[in-house]
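Colleague: Sharing a structure with you now.
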Amino acid sequence: MPKITAPGNAPGITAKMKRYAKFKGVDFSTDPSQVEDYRSPSALNIISDTGGFPEKRLGWRTLLQVDGPVNGIFYLKTVEGAWRLIHGGSKIYLWNTQNDTASVLKSGVRNQRSTSFCMGEKLYILTGAEYLVYGLFENPDYDAETEGSQKYTMQLKNAEEIAYVPTTSIPQSATSQSVYQPVNLLTAKRENLFMTDGEKKVFQLDAKGLDASTVQAWVWGEEKTEGTDFTVDRTAGTLTFSSAPAAPAATGAEAGLRVRYEKTVAGYKERVTGCTICALYQNRVWLAGNPKYQNADFHSQIDVEGIDSAAYIPDTSYTEVGADSSAIMGYINTGDALAIIKEDNQQDATVFLRTTQTNAEGDYFPVKQGIAGAGAIAKGSFATLQDDPLFLTRNGVYAITTQIVTEQKTLTSRSSFVDAVLTKEENLEKAVATEWNGYYVLCLNGRAYVADSRQKSYRQNVSGLYEYEWYYWDNIPATALMELDGELFFGTADGRVCRFNSDRKVDGKIQMSAYSDDGEAIRAIWSTPFDDDGDFMVYKTLLKKGSGVYVKTYTRSGVKVFLRSDRTFETEIRRANAGIFDFSDLDFTNLTFNTLPENVVPFNTKLKKYKALQIIVKNETLNQGFGVYGVIKRFVFGGYVK
């Protein structure tokens, strides 16, 4: 064992060994000298492999170009097939995945972040000014005589075009009516049913001040014509028939007169089209985020046939949630309740809980105050990681949890390891997030903060409370995200639609071309803490022999090793080829005949008289993988710091 001669008051001359292994994520919460040995104070573009070891993240590539910014990427799958739509700039595009091209379905839509949901084999899109629906509809140009003409085609429509027309009034008797279904906010159309007796000619509708559009009427299924069979007093809301509609042929027969008319209520449709948030709960869609009704939400109603409920938003479905000074930001389905998350106004509760109850009239949905605490700041940050619902606040990423003993809902921080950097980001409200293969990926300002569900750090002496291990990436210019079947797609401010390279595999093995950001090298870094080896009052010397890094093997790989001490800036001490020979993926600029499944790179460098030392390993080369299993340093203590 190497020895050195030290002053008489030095604590020892035996060589020491320090191993850094069993790595986890980053820790930005404290000074680099105070970080645990298994975390990194400055790792970049690193992710955990299946064993938890740090490796270079996958790169991404551009697939196609649309108008920028990309406000949303959406997916619909039905028994008929699968489709992808893109909201780019002020257009909605259909994405042809066969050749990665896009065709315009609709222009002139609002240019801001959008969201979507699927219901009834249709895709619904909320832009904040439009409520759109994409699905299989009857083809208006269908011609049975034309070969190849299709009766039904996939079309993008305004949701009001397929809005359910409610029956708002039904007869109790030949002389009295009762309220039946609520008015649909999406359409001015309504229907009234009446009993007929063969004598009555004048019928009072349930609204006055009708629209100028033609009123339709059917008597025992036979359509009648306004101006010929009856007249309409739109101001009074009455129909007068030239001949009294016939009485029923049998006692107890159904209502003989059906009337359809239009009555526009100013602002009704805009209550829905102005929404920017949605959630599915109890077979209904819940809509919120309208700035004119910022603390209110609306829900759909299952129609009489149980279909297309997303196109029926009753005017009675309006619920005010908490104080009107704070906006609803998102929803989280907690299983037994729908949590409504509001922004933080320092006064009101930030989480409210909606449950389902049933009475003789059907389901109803009471809302109660749930939790006071951190409020959401970004509508696009809501995602569920495994079974853990997460969202971004001004103070970091939080989850709604249930206390084991009391079963009460609480808000719990999940991101303290990255909060010091994350919370200082500009435009936090523009953050977008999704779950991808067990990771919560939060993107803003070209950076990504990634939580690993497989690695949790439990708080000492507190049962059930944990935080995730986190990773930090740059060069991720995402303005919209879509996870689909284990693949991650994103859109950019300049209109690019991109995907991560997790599909670049041969026989299940990731190819080295996957380690490229649209043709650019990925700068991957792992560093140890700034370590004083337990005694900042003693100088140390790094020995020339016995120190090194154990790196993961790839077809193409390399490593550069740097040292940083209290006396020196970051200095490169070693670089090495860490690839393995593979006939299927030869790179003559990085050729190696190494066939062993491991690589140890010794430092072969001596560094004298440091108080604290940080070891940094990097890979910044295009189309190369990189990973770290461990770092060992051997050193001796010297004299005391004076």
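Colleague: Give me the residue from region 96-112 that is surrounded by 18 or more Cβ atoms within 10 Å (Cβ to Cβ) and in contact with a Ser or Thr (Cβ under 7 Å, 6 or more places away or on another chain) and, out of that set, nearest to D494 (Cα to Cα).
Modeller: Looking at residues that are surrounded by 18 or more Cβ atoms within 10 Å (Cβ to Cβ) and in contact with a Ser or Thr (Cβ under 7 Å, 6 or more places away or on another chain), I get N111.
Colleague: Looking at region 43-59, which of the residues that are open to solvent by 10 Å² or more (accessible area, probe 1.4 Å) and at pLDDT 95 or above is farthest from the chain's Cα centre (by Cα)?
Modeller: Selected residue: E55.
Colleague: So for region 76-95 (the condition being free of Cβ contacts under 8 Å to residues at least 24 places away in the same chain, open to solvent by 50 Å² or more (accessible area, probe 1.4 Å), more than 18 Å from K157 (Cα to Cα) and not hydrophobic (A, V, I, L, M, F, W, C)), does at least one residue qualify?
Modeller: Within region 76-95, none of the residues are free of Cβ contacts under 8 Å to residues at least 24 places away in the same chain, open to solvent by 50 Å² or more (accessible area, probe 1.4 Å), more than 18 Å from K157 (Cα to Cα) and not hydrophobic (A, V, I, L, M, F, W, C).
Colleague: Being crowded, with 20+ Cβ neighbours inside 10 Å and aliphatic (A, V, I, L, M), is that true of even one residue in region 146-163?
Modeller: Scanning region 146-163, I find at least one residue that is crowded, with 20+ Cβ neighbours inside 10 Å and aliphatic (A, V, I, L, M), so the answer is yes.
Colleague: OK, next. Taking Y364 as the residue in question, decide whether it is open to solvent by 10 Å² or more (accessible area, probe 1.4 Å), closer than 15 Å to G289 by Cβ and out of contact with any Lys or Arg (no Cβ under 7 Å at 6 or more places or on another chain).
Modeller: no
Colleague: Still on this structure: Can you go through T264, T273, T316 and tell me which one is out of contact with any Ser or Thr (no Cβ under 6 Å at 6 or more places or on another chain), over 25 Å from L205 (Cα atoms) and of a type in the set (S, T, Y)?
Modeller: T273
Colleague: Looking at region 374-413 only, could you name the residues that are within 23 Å of G25 (Cβ to Cβ), more than 17 Å from the chain's Cα centre (by Cα) and in a loop (DSSP other than H, G, I, E, B)?
Modeller: Once the filter is applied, which keeps residues that are within 23 Å of G25 (Cβ to Cβ), more than 17 Å from the chain's Cα centre (by Cα) and in a loop (DSSP other than H, G, I, E, B), region 374-413 yields A374, R394, N395.
Colleague: Suppose the filter is closer than 15 Å to P314 by Cβ and among the β-branched types (V, I, T); does T187 pass it?
Modeller: Yes, satisfied.
Colleague: Among the residues of region 187-236, write down those that are open to solvent by less than 40 Å² (accessible area, probe 1.4 Å) and charged (D, E, K, R).
Modeller: Within region 187-236, R190, E191, D211 qualify.
Colleague: Within region 496-507, is there a residue that is more than 26 Å from R556 (Cβ to Cβ) and under 27 Å from the mean Cα position of the chain (by Cα)?
Modeller: Checking region 496-507: at least one residue is more than 26 Å from R556 (Cβ to Cβ) and under 27 Å from the mean Cα position of the chain (by Cα).
Colleague: For region 414-436, enumerate the residues that are in a loop (DSSP other than H, G, I, E, B) and under 13 Å from the mean Cα position of the chain (by Cα).
Modeller: A431 - this is the single residue of region 414-436 that is in a loop (DSSP other than H, G, I, E, B) and under 13 Å from the mean Cα position of the chain (by Cα).
Colleague: Quick one: in region 614-642, which of the residues that are among the aliphatic types (A, V, I, L, M) and under 14 Å from T528 (Cα atoms) is most open to solvent (accessible area, probe 1.4 Å)?
Modeller: Here the answer is I632.
Colleague: It is to be established whether one or more residues within region 132-146 are in contact (Cβ under 8 Å) with a residue 12 or more places away in the chain, part of a loop (DSSP other than H, G, I, E, B) and either within 25 Å of the chain's Cα centre (by Cα) or under 30 Å from V232 (Cβ atoms) (or both).
Modeller: No, that holds for no residue.
Colleague: Across region 1-30, which residue is modelled with the lowest pLDDT among those that are part of a loop (DSSP other than H, G, I, E, B) and among the hydrophobic types (A, V, I, L, M, F, W, C)?
Modeller: M1
Colleague: Given the conditions (1) at pLDDT below 95; (2) closer than 30 Å to A378 by Cα, which single one is not true for I510?
Modeller: Among (1) at pLDDT below 95; (2) closer than 30 Å to A378 by Cα, the lone unmet condition for I510 is (2).
Colleague: So which residues in region 417-431 are in contact with a Lys or Arg (Cβ under 8 Å, 6 or more places away or on another chain) and either surrounded by 23 or more Cβ atoms within 10 Å (Cβ to Cβ) or at pLDDT below 95 (or both), if there are any at all?
Modeller: The one that is in contact with a Lys or Arg (Cβ under 8 Å, 6 or more places away or on another chain) and either surrounded by 23 or more Cβ atoms within 10 Å (Cβ to Cβ) or at pLDDT below 95 (or both): F417.
Colleague: Among the strands (runs of 3 or more DSSP E) contained in region 455-536, which hold 2 or more residues that are open to solvent by less than 60 Å² (accessible area, probe 1.4 Å), under 30 Å from P41 (Cβ atoms) and of a type in the set (A, V, I, L, M, F, W, C)?
Modeller: 466-473, 487-491, 496-500, 524-527
Colleague: Right, something else. Scan the strands (runs of 3 or more DSSP E) fully inside region 291-364 and keep the ones with 3 or more residues being modelled with pLDDT of 95 or more.
Modeller: Filter on region 291-364 gives 296-299, 328-333, 338-342.
Colleague: Kindly check whether there is at least one residue in region 31-39 that is assigned to a strand (DSSP E or B), open to solvent by less than 60 Å² (accessible area, probe 1.4 Å) and in contact (Cβ under 8 Å) with a residue 24 or more places away in the chain.
Modeller: No, every residue in region 31-39 fails to be assigned to a strand (DSSP E or B), open to solvent by less than 60 Å² (accessible area, probe 1.4 Å) and in contact (Cβ under 8 Å) with a residue 24 or more places away in the chain.
The values are calculated or read from the model by the stated rules, or taken from the named source; none is laboratory data. Just so it is clear, the model here is predicted, and its values are computed rather than measured. Note that we place each Cβ from the backbone using ideal geometry, even for glycine, and neighbour counts take in every protein chain shown. What goes into the accessible areas is simple: the full protein's heavy atoms, side chains included, and nothing from ligands, DNA or RNA. Shrake-Rupley method; radii C 1.70, N 1.55, O 1.52, S 1.80 Å.
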